[in-house]
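The numbers here are math on the coordinates, done by the rules we state, and not lab data. For clarity, every value in this text was computed on a predicted model and none was experimentally measured. So basically every Cβ, Gly included, is an ideal-geometry build from the backbone, and we count neighbours across all protein chains shown.
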Amino acid sequence: MDKIILSIGKTHNLLLENKAGTGYSWVVEHNDEKITSVEFKTELTAQKIKQQPVGGSTPILVLIKGLAKGTSLIILHRKRIWEKDKSPAAVIKLHVIVGEMD
């Protein structure tokens with residue numbers, strides 16, 4: 001499990017790979033929303049994503065922001081959200097420690 005140390009109000013950027021056109025997406029399985037926020041972004045427009053070959057790599061930027069002092073376990077799953085009974089294709093666990101401002 002990776003460990004991230006943040007100050008309140010600061011953001012950690014994490015870049016993840018995703019396969020375009022396969023139906024898989026990254027989702028937040030667990031997060032303590034009082035301590036951290038998690039947001040997904042892509043640099044690609046919808047048009048550029050459609051032009052990607054099936055299975056091509058589409059980078060996803062994960063923004064993790066410290067909201068309050070404490071610890072948060074963030075679990076990210078790469079899965080097809082409609083496949084409820086299947087295990088995720090990938091799992092990332094992050095132990096985030098948020099402290100006072102620097």
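Take the Cα of residue 67, step 7 Å along the line toward its Cβ, and report every residue of the stretch 1-30 whose backbone nitrogen sits under 16 Å from that point. Counting only backbone N, you get 6-12, 28-30. Using the Cβ-Cβ distance between residue 30 and residue 89 with R0 set to 25 Å, the FRET efficiency from 1/(1 + (r/R0)^6) comes to roughly 0.90. Counting beta carbons within 10 Å around each of 29, 17 and listing the fewest first gives the order 17, 29.
With 19 Å as the limit on Cα-Cα distance, the pairs of 10/69; 34/69; 34/84; 3/86; 34/79 that go past it are 34/84; 3/86; 34/79. The value obtained for the stretch 2-99, namely the Cα convex hull volume divided by the number of residues, is 96 Å³ per residue. Mind grabbing the base-10 log of I(q)/I(0) for the stretch 62-102 at q = 0.19 Å⁻¹? Debye formula, identical points on the C-alpha positions, no solvent, two decimal places. Scattering profile of the stretch 62-102, log10 relative to I(0): -0.66. Applied to the stretch 60-75, the Karplus parametrisation 6.51 cos²θ - 1.76 cosθ + 1.60 on θ = phi - 60° returns per-residue 3J(HN,Hα) values of 10, 8, 9, 9, 10, 10, x, 9, 8, 5, x, 10, 9, 9, 10, 10 Hz, with x for Gly and Pro.
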